[in-house]
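I am attaching a structure below and will ask some questions about it afterwards.
Derivation of every value follows stated rules applied to the coordinates shown; laboratory data play no part. Predicted, not measured: the structure shown is a model, and the values here were computed from it. Methodologically, a virtual Cβ is constructed for each residue, glycine included, from the backbone with ideal geometry; neighbour enumeration extends over all protein chains shown.
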Amino acid sequence: MNLNLRNAIIHNVSGNNQQQLEDTIVDAIHRGEEKMLPGLGVLFEVIWQHADEQEKQMMLQTLEDGLNKTQ
């Protein structure tokens, strides 16, 4: 991913409150547009970078469980 895109995405949501961030995430998921995926990826990257090991394990478990349910 182009670093400029990553920075632009972070800049666009910096300063947003929790409700605005949730609205951004929900909107991206509901639209289901491929062009929204990089933005969600950048948001996940920020979450991952600031999570402790327990939170990372919880996210991985949630991801694994969710993927198993889609099969």
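Evaluated at 10 °C with a viscosity of 1.306 mPa s, what Stokes-Einstein diffusion coefficient in µm²/s does the chain have when Rh comes from the Kirkwood expression over alpha-carbon pairs?
117
Right, next: Taking +1 at the Cβ of each Lys and Arg and -1 at the Cβ of each Asp and Glu, which of Leu5, Leu43, Ile29 sits farthest along the dipole of the chain towards its positive end, judged by Cα position relative to the Cα centre?
Positive-end residue among those listed: Leu5.
Continuing with the same structure: Count the net charge of all other residues whose Cβ sits under 15 Å from the Cβ of Leu5, scoring Lys and Arg as +1 and Asp and Glu as -1.
Numbers: positive: Arg6, Lys35; negative: Glu34, Glu45.
Neighbourhood net charge equals 0.
Ranked highest first by the average count of other Cβ atoms within 10 Å around their residues, in what order do 27-40, 58-71 fall?
The peptides rank, most packed first, as 27-40, 58-71.
What's the magnitude of the charge dipole for the chain around its Cα centre, counting Lys and Arg as +1 and Asp and Glu as -1 at the beta-carbon? Answer in Debye, nearest 20. Walk me through the numbers on the way to the answer.
On the way: 5 positive and 11 negative charges, 48 e Å.
Computed about the Cα centre, the dipole is about 220 debye.
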